[in-house]
1. I'd like the residue in the stretch 80-110 that is among the hydroxyl-bearing types (S, T, Y) and open to solvent by less than 50 Å² (accessible area, probe 1.4 Å) and, out of all such residues, is farthest from R58 (Cα to Cα).
2. Tell me which residues, restricted to the stretch 163-181, are in contact with a helix residue (DSSP H, G or I) (Cβ under 9 Å, 6 or more places away or on another chain) and farther than 16 Å from V113 by Cα.
3. If you check A190, A183, which single one turns out to be in the same structural domain as A106 (by the TED database), over 24 Å from the mean Cα position of the chain (by Cα) and not aromatic (F, W, Y)?
4. Among the residues in the stretch 214-221, are any under 22 Å from the mean Cα position of the chain (by Cα) and in contact (Cβ under 8 Å) with a residue 60 or more places away in the chain?
5. Condition check: among the aliphatic types (A, V, I, L, M), touching a His at 6+ places or on another chain (Cβ under 9 Å) and within 22 Å of D63 (Cβ to Cβ). Does L147 satisfy that?
6. I'm trying to understand the selection: among the residues of the stretch 123-143, which are under 18 Å from F209 (Cα atoms), open to solvent by less than 40 Å² (accessible area, probe 1.4 Å) and either in contact (Cβ under 8 Å) with a residue 40 or more places away in the chain or hydrophobic (A, V, I, L, M, F, W, C) (or both)?
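The values are calculated or read from the model by the stated rules, or taken from the named source; none is laboratory data. What you are looking at is a predicted structure, and each value in this text was computed from that prediction instead of being measured. Cβ sites come from the backbone with ideal geometry, for glycine too, and all protein chains shown count toward neighbours. Calculation scope for accessible area: heavy atoms of the full protein, side chains included, ligands and nucleic acids excluded. Shrake-Rupley method; radii C 1.70, N 1.55, O 1.52, S 1.80 Å.
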Amino acid sequence: MESPATRRKRLATPTSAEAPAAPAARLRKAPAAAAEEPRRPRGRPRKTAEEVDDGNRRRKLMDGAAKLFLTKGFAATTTRDIAAAAGMHSGSPFYHFESKGALLHAVMNEGMVMALQSQQQALAALPPTATPREQLRVLIRHHFEILLGPRSGFIPVMLYEWRSLTPAQRKGIGRVKDAYEAAWMPTLEALSRQGALQAAPSVARLFLFGALNWAVQWFAPKGGKSLDELTAEALALFIREA
């Protein structure tokens, strides 16, 4: 028979089935690793549909304004005229431009920036072995595209409404214009060293731009010469044959 002391000892020692549960903290599983966040694409974020539409409306206002400034003049053109040309309400231009003068400045400035960028691209596309004559041909052909191509509306506006800008606006656009024209000088200087240029480079640049820019007055896209033909004749006018 089991003695009382032995029985007390047995009752005081829990069996494995009666062992107390482990603390909850020990049994709790480690939290699963957080799902990895998707990586953001590099570069600028894509424009939303609203931003694209907003940019399109702004472009329509600028294109319509350029045509009106050319046909009616800056002073005679009203913001109501500009809005109607773009198919918008009369107050819409002020959502994009603080004034008619700011719109005029945007037409000229953004046009010149676009022209400078596309000129740089045209020159960069030339092979390293391109001759100064070939470089000048590319410069003239590109300039005719700027003057007479589908995005040419800002050029005649610049020619006729330059004085409608504020002094600060003229200064800012003038810097872009100077950079555009300065890109011609290395080519003209190289032609001068070859004896192919028929005037001093700085004077030749002035004559070139004066003559080429005037094409906006007389060029007829239908039934007239192509831009390639105009380029060939302009090239022959200003430099001697090799």
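1. Kept after step one, since they are among the hydroxyl-bearing types (S, T, Y), are these residues of the stretch 80-110: 90, 92, 95, 99.
Checking the rest, the ones that are also open to solvent by less than 50 Å² (accessible area, probe 1.4 Å) come to 92, 99.
Details: S92: 10, S99: 13 Å.
Taking the candidates together, the pick is S99.
2. Hits for the stretch 163-181 are R163, S164, L165, T166.
3. Details: A183 fails: over 24 Å from the mean Cα position of the chain (by Cα).
Result: A190 is the single residue among A190, A183 that is in the same structural domain as A106 (by the TED database), over 24 Å from the mean Cα position of the chain (by Cα) and not aromatic (F, W, Y).
4. Of the stretch 214-221, the ones under 22 Å from the mean Cα position of the chain (by Cα) are none.
No - not one qualifying residue is present in the stretch 214-221.
5. no
6. P132, L136, V138, L139, I140, H143
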